[in-house]
1. Does region 59-93 hold any residues that are of a type in the set (Lys, Arg), in contact (Cβ under 8 Å) with a residue 40 or more places away in the chain and part of a helix (DSSP H, G or I), and which are they?
2. What residue, among those in region 121-180 that are farther than 30 Å from residue 93 by Cα and outside any helix (DSSP H, G or I), is modelled with the lowest pLDDT?
3. Having 2 or more residues that are in contact with a strand residue (DSSP E or B) (Cβ under 9 Å, 6 or more places away or on another chain), touching a residue at least 60 places away in the same chain (Cβ under 8 Å) and farther than 25 Å from residue 79 by Cα is the bar; report the helices (runs of 4 or more DSSP H) wholly within region 263-339 that clear it.
4. Which of (1) under 25 Å from residue 52 (Cα atoms); (2) free of Cβ contacts under 8 Å to residues at least 24 places away in the same chain; (3) outside any loop (DSSP other than H, G, I, E, B) is the odd one out, the single condition residue 117 does not satisfy?
5. Would you check if residue 267 is aliphatic (A, V, I, L, M), modelled with pLDDT under 80 and more than 27 Å from residue 43 (Cα to Cα)?
6. Against the conditions (1) at pLDDT below 80; (2) among the small types (Gly, Ala, Ser); (3) surrounded by 17 or more Cβ atoms within 10 Å (Cβ to Cβ), where does residue 275 fall short? Just the number, please.
7. Would you be able to say whether some residue in region 40-58 is farther than 24 Å from residue 247 by Cα, of a type in the set (A, V, I, L, M, F, W, C), touching a Pro at 6+ places or on another chain (Cβ under 8 Å) and assigned to a helix (DSSP H, G or I)?
8. Would you pick out the residues in region 181-198 that are modelled with pLDDT under 80 and farther than 17 Å from residue 249 by Cβ?
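The values are calculated or read from the model by the stated rules, or taken from the named source; none is laboratory data. Remember, it's a predicted structure, so these values are computed and weren't measured experimentally. All Cβ positions, even for glycine, are placed from backbone atoms using ideal geometry, and neighbour counts span all protein chains on display.
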Amino acid sequence: MKQPIDENRLYWIDAIRSFACLCVLTIHAYVPGGTHGARIVAGINYFAVAGASILFFMISGALVLYKPKKFFPFMKQRLLRIALPMVIWTIITLVIGCFTGAMNWHDLPNAIMLIPFEPQYGTYWFIYVVFGIYLVTPILSLWLQQCSRNELRVLLGLGAIALASPYLAFIDRDFSGVVSMSHGWLYYFNGYLWLAVMGYYLRRYVNLSSLKWWHFALIVLLVALPLGYFLFKIPPQLLQNRLAINVVLLCCVYFIIIKSLRLSDRMKRIVYNFAQHSFGIYLIHKQLMNFVILPLMPETFNLHYAFVYIIVVVLEVSICYTIVHLLSKLPYSKYFIGL
């Protein structure tokens, strides 16, 4: 039976979430051995980094900041849907680590006790950051409802200056201290909360049809920016820094383009289905890569490195989706895969 189309549902949000999930799996894929084609993979990662965690922060802002929220009902919902599955899979991962020798059994109780305070599995850092945003959401959403568009632009403009600050060090080493933004008046604008506010702004005010010619010129520059690695010696760590202005702007391009797509009913069902599985896929994908795919892969390949990399990504996506789909059939599945 086909999933009925809900005319009130924002399927473009499902499409962005699906795309972001695919980007996360792409940057976390790994092929052991071989370097031929590694530059191609680096290029793929440049575009994937912008579509990964950054895009999820923007989606969160577009959804949770759009309407005022009451603190306790909102946090209860988020705790059950996001925090609880993360805790369960963190414990599962830690136990697997004890069996494989990556962790000592004596350290397990202490690691479990630290779960509420800091990520015990690196991939889950995003969930801790987004929960920090959720804590200020009820306050921020109220302000966003009453602020003018120009006031919001000032806020976002200050954030853009902070995100562009790493390039100052590229121009002159004397500015290297600015990169850390560890102090100074722009400190609070250089972070992930700004990305959530940008997601709100893009949902409310920006469409592809509203862009001007210079916006499209900027898009061409962002797409061509990896050439700077070869022509202008721009450090690759700057090009792929998730809080660098070029990566964030490229993420905005993804958001606007996908938001403006006219999806067919069939495509709406596809993106809805994949988006419903995306959080579960995020929770298990790194374990699948580390404990299943990599152990079965040979150290070297006769095929082109970049080609094998793409095969690994396809396998990762297919297997993760299948596992989460099967888990979704179990009772109480929403508590451990966040459906």
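1. Listed by number, the residues that qualify are 78, 81.
2. Across region 121-180, the extreme among qualifying residues is 179.
3. Helices (runs of 4 or more DSSP H) meeting the threshold: none at all.
4. (3)
5. Details: aliphatic (A, V, I, L, M): yes; modelled with pLDDT under 80: no; more than 27 Å from residue 43 (Cα to Cα): yes.
Answer is no for this residue.
6. Checking residue 275 against (1) at pLDDT below 80; (2) among the small types (Gly, Ala, Ser); (3) surrounded by 17 or more Cβ atoms within 10 Å (Cβ to Cβ), the one that fails is (1).
7. So far as region 40-58 goes, no, none of its residues is farther than 24 Å from residue 247 by Cα, of a type in the set (A, V, I, L, M, F, W, C), touching a Pro at 6+ places or on another chain (Cβ under 8 Å) and assigned to a helix (DSSP H, G or I).
8. 181, 182, 183, 184, 185, 186, 187, 188
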